[in-house]
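First the structure, in the form of C-alpha cells, and then the observations on it.
The values are calculated or read from the model by the stated rules, or taken from the named source; none is laboratory data. A quick note: this is a predicted structure, and the numbers were derived from the prediction, not measured. Cβ coordinates were reconstructed from backbone atoms using ideal geometry, including for glycine residues, and neighbour counts include every protein chain displayed.
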Amino acid sequence: MWARLRVYIHPRRRVNYHSFSVARQLKCTYRMPTYKLTYFDSRGSAEFIRLVFAAAGQPFEDVRLTREEWADFKPKAQFGSLPALEVDGRQFGESVAIANYVARELGFFGKTARDELIINQTVQLMQELKSNAIPIFMEQNEVNKAELGKKFLEETVPRYMDYAKRILEENTTGYYVGSSLTLADLAVYDVAFNLEFRHPGILDKYPVIKAHSETVLTNPKVKAYVDARKPTPL
C-alpha cells in the first residue's frame, strides 16, 4: 500500500526537488495549510498579521466578530483573547507569536538569526508603543484622558518614532532588514498609518518614517489590500 504524506510547500524557500521526486513515488498530497484569523471588525492587534497574509498573497479566512459574537467565542479562544489563528483547525493565540509564525512561514522573517533579532526588536517596540495608548482608551475621566493623550502624543510617540527611525537608518535600503519587505516593515507601517489616521500630520517631523510607509506600499499586494480594506475607526 502506498504511503500518503502531507507536504507543505513554502512559497519563498528553495525547493528540494529530490525530495519531491521521492514524495511523488509515495503518492503524497501537496497542499498549503489553511489559515483562519479571528478578531473584531477593526484593524487593531490583528492588522499587521493581515498585512503579512496580504503581502504574501496568501488566502486566509478573515473572521470579524461583533461584540455579541465575541461573548460566545471567548470561552473557545485559546487564552480568552483575540486575535486567534487556526492552522489546519488547531487554534493559537497571542498576536506577536501569530505574526512571527505567519511571517516565518510565508517568507517575511528575514534570512538569518540576526535578521530575526532586528525584526523581533522592531515589532516589540511597536507593541510597546501601542500598549502605551491603552490607558487613554480605558480612562473614564475626561480630564485625565486629555492629560494622558497629551503625554502620549508629545512624549511617547516621539520617543518610539525616534527608535523606529534609528533602526531603519541603520540599514541603508529603505527596509528594516535586507532589501525587501519583512514583518518589521509591516509592523511599523501599521503603527504609522494608525497615528496619521487619528492625528493627521503627527509624523511630519519624521519624513524617514513617512517615506518608509510609501516604500511598503510599493508592494502591489499590500497596496491593493490597503486600498480595498474596510474603513474602521481603530
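If you go through region 29-40 and pick out every residue that is charged (D, E, K, R) and either in contact with a Ser or Thr (Cβ under 6 Å, 6 or more places away or on another chain) or modelled with pLDDT under 95 (or both), you end up with 1.
Does A46 fit the bill of being within 25 Å of P231 (Cβ to Cβ) and modelled with pLDDT of 95 or more?
yes
Can you pull out the residues in region 203-224 that are among the hydroxyl-bearing types (S, T, Y) and surrounded by 13 or more Cβ atoms within 10 Å (Cβ to Cβ)?
Y206, S213, T215
Restricting region 30-48 to residues that are in a helix (DSSP H, G or I) and of a type outside the set (G, A, S), the residue that is nearest to the chain's Cα centre (by Cα) is F48.
Among the helices (runs of 4 or more DSSP H) confined wholly to region 83-202, which include 1 or more residues that are buried (at least 21 other Cβ atoms within 10 Å of the Cβ)?
Per the criteria, 95-106, 113-138, 157-170, 183-198.
One residue is enough: does region 214-223 have a residue meeting the conditions out of contact with any Leu (no Cβ under 6 Å at 6 or more places or on another chain), assigned to a loop (DSSP other than H, G, I, E, B) and of a type outside the set (A, V, I, L, M, F, W, C)? Scanning region 214-223 turns up at least one residue that is out of contact with any Leu (no Cβ under 6 Å at 6 or more places or on another chain), assigned to a loop (DSSP other than H, G, I, E, B) and of a type outside the set (A, V, I, L, M, F, W, C).
Residue-by-condition table, conditions (1) among the hydrophobic types (A, V, I, L, M, F, W, C); (2) in contact with a Ser or Thr (Cβ under 9 Å, 6 or more places away or on another chain):
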{"position": "I119", "(1), (2)": "yes, yes"}
{"position": "Q124", "(1), (2)": "no, no"}
{"position": "K130", "(1), (2)": "no, yes"}
{"position": "Q140", "(1), (2)": "no, no"}
{"position": "G149", "(1), (2)": "no, no"}
{"position": "F152", "(1), (2)": "yes, no"}
{"position": "T156", "(1), (2)": "no, no"}
{"position": "Y160", "(1), (2)": "no, no"}
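Only residues that are free of Cβ contacts under 8 Å to residues at least 40 places away in the same chain, within 18 Å of S131 (Cβ to Cβ) and touching a helix residue (DSSP H, G or I) at 6+ places or on another chain (Cβ under 7 Å) were counted across region 142-175, and they come to 7.
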